[in-house]
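Novice: My structure is below; once you've seen it, I'll send some questions.
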Amino acid sequence: MEILVGELKAAHADGKDAIELALLARDKLGAGFRAVPFIASFRLAFDIPLPVLQRAQAWERFGLGSVHISDEEFTSLLSPWLTHA
């Protein structure tokens with residue numbers, strides 16, 4: 001998890017957006033990708049509140065659960081913590 005968190009922080013510093021970061025996490029976790037590792041990695045990397053990440057896990061590209069949110073909603077949810085200065 002520490003390696004993934006470091007990679008997420010580095011990718012964010014390189015200008016990656018929420019979608020690119022989420023896809024990176026999914027790729028790095030591979031078969032281990034589930035809601036809890038996604039939430040944990042983004043919480044540790046960006047200090048995003050748990051309720052926000054619980055909603056973000058419904059992103060349609062993750063395919064987790066029966067309720068899905070769009071790219072736009074996913075990005076909007078996470079943008080307050082991923083805005084580049």
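Novice: For the stretch 21-47, which positions are more than 18 Å from Gly63 (Cβ to Cβ), of a type in the set (D, E, K, R) and part of a helix (DSSP H, G or I)?
Specialist: If the condition is that a residue be more than 18 Å from Gly63 (Cβ to Cβ), of a type in the set (D, E, K, R) and part of a helix (DSSP H, G or I), then Arg43 is the only one that fits.
Novice: Would it be correct to say that Leu64 is modelled with pLDDT under 95 and under 23 Å from Glu7 (Cβ atoms)? I'd like the intermediate steps shown before the answer.
Specialist: Numbers: modelled with pLDDT under 95: yes; under 23 Å from Glu7 (Cβ atoms): yes.
Here the answer is yes, as Leu64 does meet what is asked.
Novice: Another one. Give the stretch 42-68 a look and list any residue that's in contact with a Phe, Trp or Tyr (Cβ under 7 Å, 6 or more places away or on another chain) and among the small types (Gly, Ala, Ser), or say none.
Specialist: Ala56
Novice: Of the numbered conditions (1) surrounded by 15 or more Cβ atoms within 10 Å (Cβ to Cβ); (2) at pLDDT below 95; (3) of a type outside the set (A, V, I, L, M, F, W, C), Arg43 fails exactly one; give the number of that condition.
Specialist: Among (1) surrounded by 15 or more Cβ atoms within 10 Å (Cβ to Cβ); (2) at pLDDT below 95; (3) of a type outside the set (A, V, I, L, M, F, W, C), Arg43 violates only (2).
Novice: Considering only residues that are closer than 16 Å to Phe33 by Cα and either touching a residue at least 40 places away in the same chain (Cβ under 8 Å) or surrounded by 14 or more Cβ atoms within 10 Å (Cβ to Cβ) (or both), which ones fall in the stretch 46-72?
Specialist: Leu53, Ala56, Gln57, Ala58, Trp59, Arg61, Phe62, Leu64
The values are calculated or read from the model by the stated rules, or taken from the named source; none is laboratory data. Nothing here was measured: the structure is a model prediction, and the numbers come from that model. Note that each Cβ is placed from the backbone with ideal geometry, even for glycine, and that neighbours are counted across all protein chains shown.
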